[in-house]
Amino acid sequence: MTQITPQPGIMDIVLYQSGAAHVDGVSNVTKLSSNENPLGASPKATEAMVQVAANMHRYPSSDHSDLRRAIAETHDLDPDRIICGAGSDEIIAFLCQCYAGPGDEVLYTEHGFAMYRISALAAGATPVEVREHERVTDVDALLAACTAQTRLVFIANPNNPTGTMISDAEVARLADGLPKDAILVLDGAYAEYVEGFDAGRSLIERRENVVMTRTFSKIYGLGGARVGWGYGPQAIIDVLNRVRGPFNVSLTGLAGAEAAVRDTEYVEQCRRENAKWRGWLADQLAALGVPSDTSCTNFILARFANQAEAEACDDFLKARGLVVRRVAGYNLPAALRITIGDETACRAVVAAVKDFKTGQAPV
């Protein structure tokens, strides 16, 4: 019998489930399950990726200097304190790998992103789930959950899958209340959907225990390119770079992300369109008896009477070729997360939910 076994914690990881993209027996599907930008990537980003494709036999930059400089100039940051990764997921994994291990604890909220728990377990640390207050991050609960073993505290602000967020003052209170050897990680995957929001930049500039992660997968429409970044105190970024692979971001990913972050007009257009249809969709669904909290992201968390109704509505939507996301795995069994699509998609969702509520046939 084999004696080969994985490290402790690995077998406790439940495989990550991405948003579905297909429905058996349905050929024309609208995917609203992964919070992708329905407008796609900036044409400038696409063109930049096409132009470098001829050089795919060359290794990409190992220091990501051009992309870091573009991010720094766009967001008024120090480029030396930026680290790039294969999506923000990789930055999250680096943080756990470098700062948490056996005997350490990693805190996250009860409806928080699944990769916090997965990355903690992969590092051999103990994940600690902390309750939220009506689907909103509860700073008091997080502070009360901290112990001498706490090394990392993850919050997404705005949060996925709830769409809610807390104020800068509350984030600062959390950072200031943590144990001296703990790091607060602000996941800003959806930060660009909040106009004028710095995602924690000002907090980081004044503190040594705060890091933020960002992604090009959402508003920039580059989910398939797998590019993310992080920003924090120089000492922490230097540590993370020690475990980062030298060529962890592809040549095309670097080129596309650099063009995308510089195309601020396109980002603004995407933010406006998202806000317009997010408000419309939320209002229309609420009028049908399907409420949602005010969302600061590119999705809404549609709430139903119970799990059975949520799952029945999901099945109904699938029969119409509308693929949304069940979130029972995020402790929200009576809800569905619905990405904000284009006008056609949003109207189709409302029509389908209306038919579901009134007992119409799905097809």
Can you tell me which residues in segment 275-315 are among the small types (Gly, Ala, Ser) and within 25 Å of residue 157 (Cβ to Cβ)?
-> 275, 279, 282, 286, 292, 295, 302
May I ask you to verify whether residue 277 is among the aromatic types (Phe, Trp, Tyr), surrounded by 14 or more Cβ atoms within 10 Å (Cβ to Cβ) and outside any helix (DSSP H, G or I)?
-> no
Quick one: residue 202 ticks every box in (1) over 19 Å from residue 167 (Cβ atoms); (2) assigned to a helix (DSSP H, G or I); (3) within 22 Å of the chain's Cα centre (by Cα); (4) of a type in the set (Gly, Ala, Ser) except a single one, so which number is it?
-> (1)
Between a first residue in segment 264-290 that is at positive phi and a second residue that is at pLDDT 95 or above and surrounded by 14 or more Cβ atoms within 10 Å (Cβ to Cβ), which pairs have beta carbons less than 8 Å apart while being 6 or more apart in sequence or on different chains?
-> 289/357
Which numbered condition residue 67 fails, given (1) outside any loop (DSSP other than H, G, I, E, B); (2) not assigned by TED's automatic domain parsing to the domain that holds residue 212 | (2)
Failed criterion for residue 230 (all others in (1) surrounded by fewer than 17 Cβ atoms within 10 Å (Cβ to Cβ); (2) in the same structural domain as residue 109 (by TED's automatic domain parsing) hold) = (1)
Restricting attention to segment 6-34, which residues are more than 21 Å from residue 316 (Cβ to Cβ) and surrounded by 15 or more Cβ atoms within 10 Å (Cβ to Cβ)?
-> 9, 13
Can we say residue 339 is within 30 Å of residue 197 (Cβ to Cβ) and either loosely packed, with under 14 Cβ neighbours inside 10 Å or polar (S, T, N, Q) (or both)?
-> yes
Within segment 175-199, restricting attention to residues that are part of a loop (DSSP other than H, G, I, E, B) and more than 19 Å from the chain's Cα centre (by Cα), which residue is surrounded by the most Cβ atoms within 10 Å (Cβ to Cβ)?
-> 182
When residues of segment 24-38 are limited to those that are of a type in the set (Val, Ile, Thr) and either assigned to a loop (DSSP other than H, G, I, E, B) or modelled with pLDDT under 95 (or both), the one nearest to the chain's Cα centre (by Cα) | 29
Would you please name the residue that is surrounded by the most Cβ atoms within 10 Å (Cβ to Cβ), looking only at residues in segment 100-140 that are out of contact with any Asp or Glu (no Cβ under 6 Å at 6 or more places or on another chain) and within 12 Å of residue 178 (Cα to Cα)?
-> 107
Kindly indicate whether residue 73 is crowded, with 18+ Cβ neighbours inside 10 Å and over 21 Å from the mean Cα position of the chain (by Cα).
-> no
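The values are calculated or read from the model by the stated rules, or taken from the named source; none is laboratory data. Fair warning: this is a prediction, and the values are worked out from it, not measured in the lab. Here the Cβ is made from the backbone with ideal geometry for all residues, glycine too, and neighbour counts use every protein chain on show.
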